[in-house]
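Asks: Encoded as C-alpha cells, here's the structure I'll be asking about.
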Amino acid sequence: MQQLLLDIVKPALEVIKPTLEYISRIIVPMLQGTVVTLELFFITIVFSIPLGVLLALARISRYGFLRDVVGGYIWLLRGTPLLLQVFFVYYGLPNFGITLENFPAACIAFVLNYAAYFAEIFRAGIQSIDKGQYEGAKVLGFTYWQTMWRIILPQTVRRVLPPVCNEAITLVKDTALVYAIGLGELLRATKIAVSRDAVTSPFVVAAVFYLVMTYVLTKAFDQLERRYSIYE
Amino acid sequence: MYMIEAKNVYKSFGDLQVLKGISLKVEKGEVVAVIGPSGSGKSTLLRCLIHLEVIDRGSIIIQGQPMAYEDEKGKTEYVPDKQIRQICKKLGMVFQNFNLFPHKTVLENIIEAPIVVNKVPKKEAIDTAEALLKRVGLIDKKDSYPSQLSGGQKQRVAIARALAMKPDIMLFDEPTSALDPELTGEVLKVMRDLAEDRMTMVVVTHEMGFAREVADRIIFMDGGEIIEEGLPEEIFCNPRSDRTRDFLKQVL
Ligand SMILES: Nc1ncnc2c1ncn2[C@@H]1O[C@H](COP(=O)(O)OP(=O)(O)O)[C@@H](O)[C@H]1O
Ligand SMILES: [Mg+2]
C-alpha cells in the first residue's frame, strides 16, 4: 500500500517540481509587489475613511452651499474612471506645477476617489438612524456635534460595515490599476515574470495572493460585525 | 412664578394648523394630565415646550425665563440658542417609544448626558445613575443593552435617564402607549412615585385611571385647542363641554 502511494506521489512530485522551483524563485519579487499593494491599500483606507466621514457630514449639513460643493465633488469622483484620476494626478498635475512620484500620486488619487464612495455610504448610514435618536439626545442637552459624535456615528458604524467591506475588497483589486503608471505592485511584478519567462504560472500565484488578501479582509470584517452586533 | 407659562401658542405644519392659541400655566409640584383624541396636538404642544418644534406665534416662559417671546410688533422671537439650551435643561422628556441609545448599556444611557453635557465626574454620575436605577427597580439590568429589556423596563430606564439630568419639570408623551397592557403598571408606578415627590409633571396620556388619580389638573385638547380644564372630578364627572363628554364616553 505504502509502496503504491510512493509510486504515485513520487512521479507526481517529479512533474511539479520544476514548477515549484520556479515559483520559489519568483515569489520574492511578487511578495515585494504585494507589499506595495498593501501599502497603497492601507494608506487609502486610513485616509479615505475619515475624509469620507467629513464629506458625509458636509453632505447633510444645513449649509446648502457646502452640500452642493460636496455633491459636485462626489459626482465628479464617482462619475469618472479611477484610472483617469490616477493619470490626471500623475501626468496632469505637473502642468500645474505639482510633480509627484508615482506612489504618492496613486495614493492621492485613490484617497480622493474612495472618500467619495465612502461619503455616500456614510451619508446613507447616518440618514438611516431613527430621528428619535436625535430627539432623545437633544432633550438631554446634547449639542448637534455631541449628538453626531457620541450617538449617531457609533450606531452608523455597525450599519455601514457590510458596504464598507465591499468597498475594501474592491480596493484590493483596484490597486492593480496603478500598474499603468509603472508602480511596482503585485500585478506588475507578475507581468514582469510572465513576460520574461514566457510562462503563465505567475498569474495563478497572483490570483492566490489577491484571494488571500480579500479572504483575510472578509474575515476581519466578519469579526468587526460580530463585535458590533452585541447590542442588537 | 410658574414653572411653565405658555401664552397663545400657534403652530402649523405647512397648511395644517396644529396648535391654535394654546395657553398653559403649570405651577411648581403640579401634575397636569393632557388628554384628547389623537391628532389633537398634544404631542406637538409638549414638543414646543422643549424646543423640539419651533412655534409660529405666542410665548413660552420656563421658570420665569422667556424662551420665546413676542416683540413690540407682536412677532415671536426666540432667545439665542445657548440660552434656549440652558432653559431646556430644566425640562426632561420621556417619549412614547423611549428613544434609548441602543449601542449603550442601561448605565451608559443614564450617565452619558450628565458627563457630556453637565461635566459631572464619571464616578459621581455612576453613583447617581445607580441610585436612580434602584429607584425604578432596574439596578440588576445596569449592564444590559436596551434590546435585552422589555418595553416597560425600557421606559423606566428612559425615565431614569431623564431624571439623571436633575430636571425641575418632566414632560411625558404617552409613556405607556407603546407597551403591552400588562407592562403599563410598572411605568405608571414610577410616575406615581415621582408625583408623590412633588415633581412638576405634564403627562399626555390615554390612561384615564392614572390621570384621574394622580393628576392635580386635567386639560382636554381637541383640534389644536384647549377645550376644557379643571380638577379631575370636574372633568370626569361633570364635563362642561360636549366634546369632552363625547371623548370620555369613547375612552371610558
Ligand atoms: N412633523 C410634522 N409634520 C407634519 N405634520 C405633523 C407633524 N407632527 C405632527 N403633525 C400633525 O399634527 C397633528 C397633531 O399631531 P400630534 O401633536 O402628534 O397629535 P396628538 O399627539 O394629539 O395625537 C396631526 O394631524 C399630525 O399628523
Ligand atoms: Mg401624540
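Asks: When you look at the Cβ of every residue in B:100-112, what mean number of other chain Cβ atoms sits within 10 Å?
Replies: Neighbouring Cβ atoms belonging to other protein chains average 4 per residue here.
Asks: Something else now. I'd like the mean, over residues of A:140-148, of how many other protein chain beta carbons sit within 10 Å of each residue's own Cβ.
Replies: Mean number of neighbouring Cβ atoms from other chains: 5.
Asks: Take every Cα-Cα pair in the range A:127-195 and report what % of them are more than 16 Å apart.
Replies: Tail of the P(r) past 16 Å holds 64 percent of the pairs.
Asks: A further question follows. Using only Cα atoms, locate the centre of the range B:72-135 and the centre of the range B:25-46, then give the distance between them in Å, rounded to an integer.
Replies: Value for the Cα centre distance between the two parts: 21 Å.
Asks: With a ≥ b ≥ c taken as the square roots of the eigenvalues of the C-alpha gyration tensor of chain B, please select rounded if a/c is under 1.5 and otherwise prolate if a/b is larger than b/c or oblate if it is not?
Replies: oblate
Asks: Next up: Taking Cα pairs under 8 Å and at least six residues apart, what relative contact order does chain B come out at, in percent?
Replies: The normalised contact order for chain B reaches 25 percent.
Asks: Give the relative contact order (percent, whole number) for the range A:150-232; include only Cα pairs under 8 Å separated by 6+ residues.
Replies: Relative contact order for the range A:150-232 comes out at 35 percent.
Asks: In nm, give the distance between the simple-model label positions of B:E196 and B:N238, each being 7 Å from the Cα along the Cα-to-Cβ direction.
Replies: Label-label distance for B:E196 and B:N238, simple model: 3.0 nm.
Asks: If one takes the accessible area of chain A alone plus chain B alone and subtracts that of the pair, with a 1.4 Å probe, what total in Å², rounded to the nearest 100, results?
Replies: The contact between B and A buries close to 2000 Å².
Asks: For the range A:90-165, which trypsin sites (Lys or Arg not before Pro) are in a loop by DSSP, counting at most 16 other Cβ atoms within 10 Å?
Replies: none
Asks: Over all residues in B:89-99, what is the mean tally of Cβ atoms on other chains that come within 10 Å of each residue's Cβ?
Replies: So the per-residue partner count for this stretch is 3.
Asks: Taking each pair of different alpha-carbon atoms in chain A once, compute 1/r for the pair, average those values, and report the inverse of that mean as the Kirkwood hydrodynamic radius in Å to one decimal.
Replies: Kirkwood radius, chain A: 20.7 Å.
Asks: In addition: On the principal axes of its Cα set, how long, how wide and how thick is the range B:25-146? Give whole Å, largest value first.
Replies: Each principal axis gives a Cα extent; for the range B:25-146 these are 55, 36, 29 Å.
Asks: Determine the distance separating the Cα centre of the range B:158-236 from the Cα centre of the range A:100-125; give it in Å without decimals.
Replies: The range B:158-236 and the range A:100-125 have Cα centres spaced 52 Å from each other.
Asks: Working from the pairwise distances between different alpha carbons, so that the mean of 1/r is found and then inverted, what is the protein assembly as shown's Kirkwood radius in Å?
Replies: 27.2 Å
Asks: I want the local charge near B:R156. Using Cβ-Cβ distances under 10 Å, sum +1 for each Lys or Arg and -1 for each Asp or Glu among the other residues.
Replies: For residues surrounding B:R156, the net value is +4.
Asks: Sticking with this structure for a sec: Hey, can you rank B:69-79, B:189-199 by average C-beta count inside 10 Å, highest first?
Replies: Order by mean packing, descending: B:189-199, B:69-79.
Asks: Please express the shape of the range B:98-141 as an equivalent ellipsoid: the semi-axes are the square roots of 5 times the eigenvalues of the C-alpha gyration tensor, given largest first in whole angstrom.
Replies: Each semi-axis is √(5λ); the values are 16, 14, 8 Å.
Asks: In addition: Straight-line reach from B:K141: which aspartates and glutamates have Cα under 13 Å away, leaving out those fewer than 8 places along the same chain?
Replies: Hits, sequence-local ones excluded: B:E108, B:E130.
Asks: Which value in Å does the Kirkwood hydrodynamic radius of the range A:54-138 take, with 1/r averaged over all unlike C-alpha pairs and then inverted?
Replies: 14.5 Å
Asks: Okay, next question. Say we join alpha carbon atoms closer than 10 Å with springs in a Gaussian network model of chain A; which of A:L153, A:L84, A:L177 then has the biggest fluctuation?
Replies: A:L84
Asks: Tell me the net charge near A:F122. Cut-off is 10 Å between Cβ atoms, A:F122 excluded, with +1 for each Lys or Arg and -1 for each Asp or Glu.
Replies: Charge balance near A:F122 sits at +2.
Asks: Which of the helices in chain A meet the span-like rule: DSSP H, Cα axial reach of 27 Å or more, Kyte-Doolittle mean at least -0.5?
Replies: A:2-59, A:102-127, A:153-174, A:201-228
Asks: When only Cα pairs under 8 Å and 6 or more residues apart are kept, what is the percent relative contact order across the range B:186-252?
Replies: 21 percent
Asks: With a/c under 1.5 counting as rounded, go ahead and sort the range A:1-117 into rounded, prolate or oblate using the C-alpha gyration tensor (a ≥ b ≥ c being the square roots of the eigenvalues; past the cut-off, prolate if a/b is larger than b/c, else oblate).
Replies: Since a/c reaches 1.5 and a/b is larger than b/c, the shape of the range A:1-117 is classed as prolate.
Asks: While we're on this one: For every other residue with a beta carbon closer than 14 angstrom to the beta carbon of A:S61, add +1 if it is Lys or Arg and -1 if Asp or Glu, then tell me the sum.
Replies: +3
The values are calculated or read from the model by the stated rules, or taken from the named source; none is laboratory data. Model, not experiment: these values are computed from the prediction. Heads up, the Cβs are rebuilt from the backbone with ideal geometry, glycines too, and the neighbour counts pull from every protein chain shown. Protein only, heavy atoms only, side chains kept; ligands, DNA and RNA dropped before computing areas. Shrake-Rupley method; radii C 1.70, N 1.55, O 1.52, S 1.80 Å.
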